[in-house]
Amino acid sequence: MSTNGIAANKLELLQIAKAVADEKSIDQSIVLEAIEEAIQKAARLRYGAELDIRAKLDPNTGEQTLRRVITIVDDETEIENESIQTPLSTAQLDNPDAEVGDLITTELPPLEFGRVQAQMSKQIIMGKIRDAERARQYAEFKDRVGEIINGIVKRVEYGHIIVDLGRAEGVIRRDQALPRENVKGGDRIRAYIMDVREEPRGSQIFLSRAHPQFMAQLFAQEVPEVYEGVIQIVSVARDPGSRAKIAVYSSDSSIDPVGACVGMRGSRVQAVVNELQGERIDIIPYTEDMGTFIVNALQPAEVTKVVIDEADGRIEVVVPEEQLSLAIGRRGQNVRLASQLSGWALDILTEAQESERRQKEFQERSELFINGLDVDEMVAQLLVSEGFETMEEVGYVALDDLTSIDGFDEETAEELQTRAREYLDKIAAEQDAARIEAGVEDEVLEIEGVTLPMAVIFGQNDIKTVEDVAGLVPDDLNGYTEYKDGERVHEDGMIEHMGLTNEEATNLIMQARVQAGWIEASALEEEDDVELDEEGNPVITAENLFESA
């Protein structure tokens with residue numbers, strides 16, 4: 001009777017382990033391991049915490065085996081705990097065949113659980129189950145980033161929406177929810193899986209309804225051509241809950257990407273609008289001609305002219321006076337979304353402002369040539385009209401480029417170049433004196449890519465040594481742009497006006513680090529193989545990430 005009772009208890013333990021594993025959707029072996037660990041810990045409390053006690057639970061019969069283990073170590077090894085280690089020579093007194101690493105086991109009687117042991121075991125088992133649940137949730141969702149998922153609102157806490165995803169919970173933070181969207185417990189909700197992180201307190205599944213890709217995925221669900229890849233969504237810009245712009249493209253000339261996304265009588269786009277609580281959506285046809293694309297992106301405003309400045313990464317857009325407010329939009333919304341959509345900084349000017357600015361630039365360049373070359377206004381204006389912008393261009397351009405100007409013979413051209421070079425030498429001497437006065441060391445000028453004007457600016461910003469330059473980052477030189485409270489904010493770099501690309505700025509800093517002895521020159525040669533994006537930043541891939549590690 002007693003034996004049957006014990007057997008029943010053993011089988012009951014296995015049944016409980018299986019039920020817990022099924023309920024929590026984890027492997028039964030994890031639950032059994034947790035039980036074994038709990039038995040081991042309880043046994044140490046009974047027989048001694050300093051002992052190495054190991055428990056084993058038979059997954060078929062539920063039979064419990066409890067053993068004390070002593071490990072055989074080399075005679076020269078310093079033994080810190082005689083309860084778990086013994087020298088080889090001592091072990092061979094009882095067993096001549098003993099070897100280093102062998103285990104001496106002594107079977108212990110089965111453990112009888114009291115109230116304290118049972119409570120402790122319960123804590124260990126529940127902890128193991130929670131860890132297993134977290135691992136299962138992370139494994140299940142880590143590869144689903146970028147998908148849309150359906151869930152039920154569990155509760156709303158301080159604007160954060162907790163979503164029941166079935167076997168896990170996700171959170172839509174306040175800044176990732178749609179403004180003014182009224183959500184309450186029990187509502188069904190769709191969201192974009194933005195990120196999945198494995199944290200000490202459990203896997204965190206971050207959802208979003210404000211992410212640009214949420215809109216892209218909604219279109220993929222509503223528009224078969226997008227889902228099949230016939231139509232590509234190139235970029236999305238959103239002011240969540242208010243307005244959005246989406247650029248679409250199809251390599252198949254027989255398909256109208258805009259019309260396909262709009263659908264019959266607007267049915268497809270309306271389905272997306274309804275899901276986004278009435279967010280207005282402008283669908284823009286994408287084209288590689290950036291000028292045309294910007295014109296389309298700024299609709300419904302009419303654009304007169306687009307001037308692309310690739311060096312500064314900016315686009316100047318000229319509109320009629322009456323179209324200015326429409327192009328900018330309420331609180332700058334239209335131009336901000338067009339900028340996000342294209343990836344370019346946009347400057348909106350009226351025709352009058354553009355004309356005034358052109359005249360100002362023409363006047364400034366004319367005065368530069370009048371004062372620097374000691375020529376009259378007519379000659380200066382002639383140089384500007386022919387496209388000369390700087391003194392360097394006049395001083396070092398091919399002589400034929402000057403003699404080709406009407407009224408300029410070879411003697412006149414040579415004299416202009418001589419005066420331009422003398423002017424540049426004078427300015428260089430003044431800049432060098434300013435550099436020395438600012439305390440910038442001569443070695444800074446030896447860094448590849450550093451010019452005298454740069455060195456002067458470095459001095460003004462307390463960058464005086466090669467080590468100081470080596471400690472910079474590209475953003476310090478070229479500035480950076482970020483979005484704060486939905487507004488595009490630009491922080492100026494110290495030499496941003498000099499028009500260095502991010503790649504050039506990075507190379508300048510790396511050359512300084514070589515000169516400072518921080519890295520070997522060979523490291524720069526290895527970096528030449530790294531793929532760069534359009535802005536000159538390294539493209540991070542799994543391959544080069546592990547190589548760098």
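The values are calculated or read from the model by the stated rules, or taken from the named source; none is laboratory data. These numbers come from a predicted model, not from an experiment. Counting neighbours? That spans all protein chains shown, and the Cβs are built from the backbone with ideal geometry, glycine included. Accessible surface is based on the protein model in full, side chains and every heavy atom, while ligands, DNA and RNA are left aside. Shrake-Rupley method; radii C 1.70, N 1.55, O 1.52, S 1.80 Å.
The long axis of helix 2-24 is offset from the longest Cα principal axis of the chain by roughly 10 degrees.
Using C-alpha pairs under 8 Å with a sequence gap of at least 6, the mean separation divided by the residue count of region 289-442 gives a relative contact order of 14 percent. Counting only alpha carbon atoms, the long axis of helix 212-222 and the longest principal axis of the chain meet at about 80°. Rolling a 1.4 Å probe across the protein heavy atoms gives region 346-498 an accessible surface of 59 Å² per residue. Return the carbon/sulfur percentage of the accessible area of the chain, one whole number, probe 1.4 Å, all protein chains in place. Using a 1.4 Å probe with all protein chains present, the chain comes out at 46 percent carbon and sulfur.
For the pair region 333-395 / region 281-303, the C-alpha centres are spaced 26 Å from each other.
May I ask you to compute the full-extension gain from GLU377 to GLU321, defined as 0.36 nm times their residue separation minus their alpha-carbon distance, rounded to one decimal in nm? Mind showing how you got there, number by number?
Numbers: separation 56, 0.36 × 56 = 20.16 nm, distance 3.23 nm.
Contour length minus Cα-Cα distance gives 16.9 nm.
Ranking LEU416, ILE161, MET378 by how far each Cα lies toward the positive end of the dipole of the chain (charges on Cβ) leaves ILE161 at the top.
Quick one: work out the % antiparallel among DSSP beta bridges in the chain, nearest 5. Write out the running numbers ahead of the final one.
Values: 51 of 69 bridges.
Approximately 75 percent, going by the DSSP bridge assignments.
Averaging 1/r across all pairs of distinct Cα atoms in the chain and inverting the result yields a Kirkwood radius of 31.4 Å.
If I take every Cα pair under 8 Å that is 6 or more residues apart in the chain, average their sequence separation and divide by the length, what percent do I get for the relative contact order?
6 percent
The listed residues TYR192, TYR249, TYR158, once ranked by accessible area (1.4 Å probe) with the largest placed first, stand as TYR158, TYR249, TYR192. Residues VAL319, VAL397, ordered by accessible area of protein heavy atoms at a 1.4 angstrom probe radius and largest first, appear as VAL397, VAL319. For region 131-191, the per residue solvent-accessible surface stands at 59 Å², with DNA, RNA and ligands left out and a 1.4 Å probe. Only Lys, Arg, Asp and Glu carry charge here, each on its Cβ (+1 for the first two, -1 for the last two); on that basis the chain has a dipole of about 6080 debye about its Cα centre. Rounded to the nearest 10 degrees, the angle from helix 28-47 to the longest Cα principal axis of the chain is 60 degrees. For region 349-392, the relative contact order is 35 percent, taking Cα pairs closer than 8 Å that sit 6 or more residues apart in sequence and dividing their mean separation by the residue count. Counting heavy atoms of the protein chains alone, GLU228 has an accessible area of about 130 Å² for a 1.4 Å probe. The order of ARG67, ARG435, ARG513 by accessible area, most exposed first and with a 1.4 Å probe, is ARG67, ARG513, ARG435. Over 29 Å between Cα atoms, which of LYS128/LYS184; LYS41/LYS154; LYS128/LYS154; LYS18/LYS142; LYS56/LYS154 qualify? LYS128/LYS184; LYS41/LYS154; LYS56/LYS154, as the Cα separations exceed 29 Å there.
The charge dipole of region 125-191, taken about its Cα centre with unit charges on the Cβ atoms of Lys, Arg (+1), Asp and Glu (-1) only, comes to about 100 debye.
The figure for LEU88 is an accessible area of roughly 30 square angstrom, using a 1.4 Å probe on the protein chains alone. Across region 152-240, the fraction of Cα-Cα pairs farther apart than 23 Å, rounded to a whole number, is 30%.
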